[in-house]
Amino acid sequence: MTKPRALITGITGQDGSYLAEFLLSQGYEVVGLVRRSSMVSFERIAHLQDKVTIVSGDLLDEASLIEALGQHRPTEVYNLAAQSFVQTSFGQPVLTGETTALGVTRLLDAIRIVDPAIRFYQASSSEMFGKVREVPQCETTPFHPRSPYGVAKVYGHWITVNYRESYNLHASSGILFNHESPRRGLEFVTRKITHGVASIYLGRQDTLRLGNLDSMRDWGFAGDYVKAMWLMLQQDEPDDYVVCTGETHSVREFCELAFGHLNMNYKDYVQIDKAFFRPAEVDLLVGDPKKAKKILDWHTEVSFADLVSMMVDADLELLQGKLKGLS
């Protein structure tokens with residue numbers, strides 16, 4: 001029996017690495033699309049590099065996408081690549097639009113040209129809701145993005161719907177709320193906090209500078225969320241799904257748990273820095289996962305508190321290993 005084959009853009013990122021692990025466990029052949037760049041880091045998938053096939057390609061270059069699809073003939077494509085840091089999107093709005101918005105069009109068009117039977121997953125985002133019109137947010141909640149990243153994701157979302165309706169592609173979008181892990185980049189506030197907590201605990205720094213502690217988010221574990229991506233492409237009909245925990249927590253609460261995990265009080269170490277406030281803030285994001293639970297039979301396994309503890313422990317282990325290497 002022929003193994004199913006999946007192509008993942010953004011395989012070197014947090015979600016890409018967890019998705020690659022999951023698909024391998026399901027018996028897939030996994031192809032990872034990466035840009036030909038001296039800056040690409042394979043750290044997150046180093047343990048998988050002998051199990052996955054890496055191919056060069058770029059969401060800015062449709063010809064490279066057509067070539068990759070034609071050469072490897074995947075049955076499923078997961079588009080996880082993007083300029084995905086919200087703060088950066090304010091400084092680089094055009095680049096964000098080229099990759100996070102138009103990149104989706106190039107990939108969908110490549111699928112239409114090479115093999116319209118390929119099943120496609122688009123990584124949509126809760127940042128599309130932005131200045132929320134209702135709480136909680138579901139699949140029918142109107143979008144009001146508050147950043148160039150959010151705007152680009154709205155375009156990517158609707159072009160996916162358009163290709164599904166125009167060309168009968170099996171194209172689905174997962175509107176994922178915030179999902180974190182020890183593999184999250186240091187530029188994201190959750191990882192910044194847990195890495196900072198571990199650094200302070202080990203005496204490597206004295207304070208942690210953060211922005212708006214009252215921002216509310218619906219945080220889950222990335223390893224749980226990639227299963228929802230796969231489940232969408234196993235359905236008979238393509239559709240869009242909100243993927244979230246249905247719980248909301250503040251950055252302040254994240255700090256309390258992270259510092260508290262190592263018996264410290266965040267108030268002794270956290271300093272508010274206006275430089276980390278967004279030009280347009282998203283204050284409250286919390287999703288309604290009813291549809292994903294009912295149709296996909298999907299559920300989260302890692303709680304918010306366990307996620308925070310997991311990330312602190314991983315950063316503590318990481319930094320202790322580095323200190324040993326220096327000694």
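Which residue, of Asp218, Asp214, is of a type in the set (D, E, K, R) and surrounded by fewer than 19 Cβ atoms within 10 Å (Cβ to Cβ)? Explain how you work it out, then say what you get.
Numbers: Asp218 fails: surrounded by fewer than 19 Cβ atoms within 10 Å (Cβ to Cβ).
So the residue among Asp218, Asp214 that is of a type in the set (D, E, K, R) and surrounded by fewer than 19 Cβ atoms within 10 Å (Cβ to Cβ) is Asp214.
For the range 68-90, state whether one or more residues are of a type outside the set (Phe, Trp, Tyr), open to solvent by 60 Å² or more (accessible area, probe 1.4 Å) and part of a strand (DSSP E or B).
no
Give the residues of the range 121-144 that are out of contact with any helix residue (DSSP H, G or I) (no Cβ under 6 Å at 6 or more places or on another chain) and aromatic (Phe, Trp, Tyr), sorted by residue number.
The one that is out of contact with any helix residue (DSSP H, G or I) (no Cβ under 6 Å at 6 or more places or on another chain) and aromatic (Phe, Trp, Tyr): Phe129.
Kindly evaluate Met229 against the criterion of being in a helix (DSSP H, G or I), at pLDDT 95 or above and in contact with a Pro (Cβ under 7 Å, 6 or more places away or on another chain).
On the way: in a helix (DSSP H, G or I): yes; at pLDDT 95 or above: yes; in contact with a Pro (Cβ under 7 Å, 6 or more places away or on another chain): no.
Answer is no for this residue.
What number of residues in the range 134-146 are free of Cβ contacts under 8 Å to residues at least 60 places away in the same chain and out of contact with any Ser or Thr (no Cβ under 6 Å at 6 or more places or on another chain)?
Going through the range 134-146 one residue at a time, the tally reaches 6.
Consider the range 200-226. How many of its residues are more than 17 Å from the chain's Cα centre (by Cα), hydroxyl-bearing (Ser, Thr, Tyr) and either under 28 Å from Glu21 (Cβ atoms) or not in a helix (DSSP H, G or I) (or both)? First the steps, then the outcome.
To start, the set of residues in the range 200-226 that are more than 17 Å from the chain's Cα centre (by Cα) comprises 200-216.
Okay, now just the ones that are also hydroxyl-bearing (Ser, Thr, Tyr), so 201, 207, 215.
Narrowing further to those that are either under 28 Å from Glu21 (Cβ atoms) or not in a helix (DSSP H, G or I) (or both): 207, 215.
Qualifying residue count, the range 200-226: 2.
Collect the residues in the range 107-128 that are part of a helix (DSSP H, G or I), open to solvent by 10 Å² or more (accessible area, probe 1.4 Å) and touching a Leu at 6+ places or on another chain (Cβ under 6 Å), keeping them in residue-number order.
Across the range 107-128, the qualifying residue is only Val114.
So Tyr149 ticks every box in (1) in contact with a Ser or Thr (Cβ under 6 Å, 6 or more places away or on another chain); (2) open to solvent by 60 Å² or more (accessible area, probe 1.4 Å); (3) in a helix (DSSP H, G or I); (4) not hydrophobic (A, V, I, L, M, F, W, C) but one. Which box is left unticked?
Going through the list (1) in contact with a Ser or Thr (Cβ under 6 Å, 6 or more places away or on another chain); (2) open to solvent by 60 Å² or more (accessible area, probe 1.4 Å); (3) in a helix (DSSP H, G or I); (4) not hydrophobic (A, V, I, L, M, F, W, C), Tyr149 breaks only (2).
Okay, residues lined up against (1) under 23 Å from Ser125 (Cβ atoms); (2) open to solvent by less than 10 Å² (accessible area, probe 1.4 Å); (3) in a helix (DSSP H, G or I):
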residue: Pro238; (1), (2), (3): yes, no, no
residue: Glu247; (1), (2), (3): yes, no, no
residue: Glu256; (1), (2), (3): no, no, yes
residue: Phe259; (1), (2), (3): no, yes, yes
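Looking at the range 266-292, which of its residues are in a strand (DSSP E or B) and either modelled with pLDDT of 80 or more or more than 28 Å from Tyr225 (Cβ to Cβ) (or both)? Write out each step before concluding.
Here is the first cut: in the range 266-292, the ones in a strand (DSSP E or B) are 270-272, 284, 287.
The answer is Val270, Gln271, Ile272, Gly287.
The values are calculated or read from the model by the stated rules, or taken from the named source; none is laboratory data. All values derive from a computational prediction rather than experimental measurement. For neighbour counting, all protein chains shown are included, and Cβ atoms are generated from backbone atoms with ideal geometry for every residue, glycine included. Areas reflect the complete protein model, heavy atoms only, side chains present, ligands, DNA and RNA absent. Shrake-Rupley method; radii C 1.70, N 1.55, O 1.52, S 1.80 Å.
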